[in-house]
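Trainee: Here's a structure for you.
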Amino acid sequence: MWPKNSSYFPTQFRNKSRSTWSLQASWVPPALPNGVITHYVINVNPLDPSEKSWTVNVGANMNSGYDKTVEAVVDNLVGGQSYQINSQAVTEAGIGDLPAASDSIRIEMPIMGMF
């Protein structure tokens, strides 16, 4: 695990609903990664306790640099369901710590015909 310092986390995590079941997530790579970033992990946590959390692995573009925005699509969401979503960077040294809740986003997926 990396030291708890916001410079080690992906920042400016944002999202845009694409449909009732998917969203476009984007973030800026960490300013001080603990090595070369190999990929990212998006953590998808349904706020309904009866639903299970899951992750999405996203490849790192080696040519994008640390000042470029990374984007990925998250699918299999449910309309009307709320989620807490964040991302972690992964290097050869391992996966970074989970970001603070304030660095996560909370989203309620639209119900069909409402976005």
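The values are calculated or read from the model by the stated rules, or taken from the named source; none is laboratory data. This one's a predicted model, so the numbers in the text were calculated from it and none came from an experiment. With ideal geometry, Cβ positions are generated from the backbone for all residues, glycine too; neighbour counts draw on all protein chains shown.
Trainee: For the subset of the stretch 6-25 comprising residues that are modelled with pLDDT of 85 or more and surrounded by fewer than 17 Cβ atoms within 10 Å (Cβ to Cβ), which member is nearest to the chain's Cα centre (by Cα)?
Mentor: As a first pass, look at the stretch 6-25 and keep what is modelled with pLDDT of 85 or more: 21-25.
If we keep only those that are surrounded by fewer than 17 Cβ atoms within 10 Å (Cβ to Cβ) as well, we get 21-22, 24.
Values: 21: 16, 22: 13, 24: 10 Å.
Result: 24.
Trainee: Tally up the residues in the stretch 70-115 that are among the small types (Gly, Ala, Ser), surrounded by fewer than 15 Cβ atoms within 10 Å (Cβ to Cβ) and not in a strand (DSSP E or B), please.
Mentor: The number of residues fulfilling the criteria is 6.
Trainee: Which residue pairs have Cβ atoms under 8 Å apart, sit 6 or more places apart or on different chains, and have a first residue in the stretch 98-115 that is modelled with pLDDT of 75 or more and a second that is outside any strand (DSSP E or B) and of a type in the set (A, V, I, L, M)?
Mentor: Sorted first by the residue in the stretch 98-115, then by its partner, the pairs are 106/47; 109/77; 109/78.
Trainee: Now a separate question. Whether any residue in the stretch 40-53 is in contact with a Pro (Cβ under 9 Å, 6 or more places away or on another chain), at pLDDT 95 or above and not acidic (Asp, Glu) is what I want to check.
Mentor: There is at least one residue in the stretch 40-53 that is in contact with a Pro (Cβ under 9 Å, 6 or more places away or on another chain), at pLDDT 95 or above and not acidic (Asp, Glu).
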